[in-house]
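The values are calculated or read from the model by the stated rules, or taken from the named source; none is laboratory data. Fair warning: this is a prediction, and the values are worked out from it, not measured in the lab. When we count neighbours, we look across all protein chains shown, and the Cβ atoms used for this are built from the backbone with ideal geometry, even at glycine. Heavy atoms of the whole protein, side chains included, go into the accessibility calculation; ligands, DNA and RNA do not. Shrake-Rupley method; radii C 1.70, N 1.55, O 1.52, S 1.80 Å.
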Amino acid sequence: MTVLPEINPQGPDTGPRHVAIIMDGNGRWAQARGRPRLYGHHAGARRVREIVSSCPEFGVEYLTIFAFSTENWKRTQTEVAGLMNLFRRYIMKEMQELLRNNVRVRFIGDRFRLDDKLRGLMDQAEDVTRECTGTNLTVALNYGGRDEVTRAAKRLARDVAEGHIGPEDVNEETLPKYLDTYVLPDPDLVIRTSGEARISNFLLWQSAYAEYEFIDTLWPDFTKEIFGDLLKGFDARDRRFGAVTA
């Protein structure tokens, strides 16, 4: 039988405990400066460090960032190859810094299409930071929400077929235990930069009750101050989860 840990409970309803970010606008940021798109991706990677390091100050325990989607393979071969090289370099460069800052790293998504070196670095980063107790950084790499649910459904169906779980026991609390994010709380706040107002197949199941912020700022221009302002705005929201305030 597949053995899965329990999902962490949601924290108190104060600030957002888990923030997820669709980091959009790197290419447009670079093109506006007459530079190639990869120049923007490198600038965006540098911005990640600032936002991760600000999480303890803002009380954000979990940060999930959308780095590369299952649909991003449709981009030019040059851009995809450049992104894969960037991911490898980023992990190698940042691993010890994340460890020093007590950041635990996880990756979600389908790893099988990624090259062996990148997969090895991802495994190494997860292993090296496994005992860290500070910010939980989750990087969505070759990730798609529909793909994740499909893979989870297959694993669940296999356990049902093998008799490890009865069909009558399958409910909305069962499937999350088979998702890539099974050890994470659901996101409280999802932020998308660059002015696009869509969720682009990101954390579809997990974000059912998340609050959303769509902002015009391109990701390389997304500062700690902007992040803090959005978190303050979250505090003012009335989250009822389907109930009615008396």
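Side notes on the structure shown:
- Comparing Cα centroids, region 86-142 and region 157-232 end up 19 angstrom apart.
- The residues of the chain expose, per residue, 52 Å² of accessible area to a 1.4 Å probe.
- When the Cα gyration tensor is reduced to axis lengths a ≥ b ≥ c, the ratio a/c is 1.5 or higher for the chain, and with a/b not above b/c it is classed as oblate.
- Protein accessible area in the chain, 1.4 Å probe - carbon and sulfur %: 50 percent
- Ellipticity estimate at 222 nm from DSSP helix runs (n ≥ 4, -39,500 (n - 2.57)) divided over the chain, nearest 500: -12500 deg cm²/dmol
- The longest part of the chain holding none of the exposed loop chymotrypsin sites (Phe, Trp or Tyr not before Pro), meaning those outside H, G, I, E and B in DSSP with at most 14 other Cβ atoms within 10 Å, is 1-208.
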